[in-house]
Each structure stands twice: as structure tokens, then as C-alpha cells.
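The block underneath contains the structure these notes are about, expressed in C-alpha cells.
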């Protein structure tokens, strides 16, 4: 099964007032939230959120990279660094005093 962004939801039929109708239809409508169906903006918001688990952030980063979008670090001084360990180490060697406040 493909990777999901969030769990699937069941859609319930509603009347004109927005109240749930009691129908006995055998067909159940489900909405699936797969990673490949999410917009790039949604994925980037989830990656930058503090509430997202690190395990999920890795999944979202992999999906963004699969689509051909490169993620960048934006440092406090405004410079942008490609999100690779080599680029980060090169920046650390060039600016050693600025890494004191990194989490």
C-alpha cells in the first residue's frame, strides 16, 4: 500500500442542513490521503511544523525530493544552503561561531 499523509476518512451522506442522514447503503465512501496526492505546499508546511514527528518528516522530505524539488537550509544571516550534510559541514567550517545556537 502507498505511504499515507494521514489516516483514511469515511464520508457520511448529509442532507441540505448538514446533518448526517441515516442511510443503509452498502457502498461506503472513503477518502484516502496518500503522500503522492498531497500538494507541495502541504508537504512543506508539515516538514516545517514543530508538531510533526521526525519519522514523518523523513517521509515527507523523501516525497518532495522524489518530485525533483531541492530543500534548502535558510541560515540566520540569510544565506541558503543545500540540505545535505556536506554543504552543512562546509558552512560550519566557514562560520564556526554561528553554530553555537543550533539545536
Worksheet item: When the Debye formula is applied to the Cα atoms of the chain, each taken as the same point scatterer, what base-10 log of I(q)/I(0) results at q = 0.12, 0.14 Å⁻¹?
Response: -0.61, -0.73
Worksheet, complete the sentence: Rounded to the nearest 10 degrees, the helix 85-94 long axis (Cα) sits at an angle to the longest Cα principal axis of the chain of 40 degrees
Discussion item. Springs between alpha-carbon pairs under 10 angstrom, Gaussian network model over the chain: which of 37, 92, 46 fluctuates most?
Written reply: 92
Worksheet item: Which whole-number percent gives the relative contact order of the chain, counting Cα pairs below 8 Å spaced six or more residues apart?
Response: 16 percent
Discussion item. Tell me the mean residue ellipticity at 222 nm calculated for the chain from its helices only (DSSP H runs of n ≥ 4, each -39500 (n - 2.57), averaged over every residue, nearest 500).
Written reply: -9500 deg cm²/dmol
Worksheet item: Once the Cα atoms of helix 54-66 and of the chain are each reduced to a long axis, what angle between those two axes, in degrees from 0 to 90 to the nearest 10, is obtained?
Response: 90 degrees
Worksheet, complete the sentence: Rounded to whole angstrom, the alpha-carbon centroid of region 1-51 lies from that of region 53-84 at a distance of 26 Å
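Where a number appears in this text, it was derived from the coordinates with a stated rule and is not lab data. It should be emphasised that the depicted structure is a prediction, and the values quoted were computed from it without experimental measurement.
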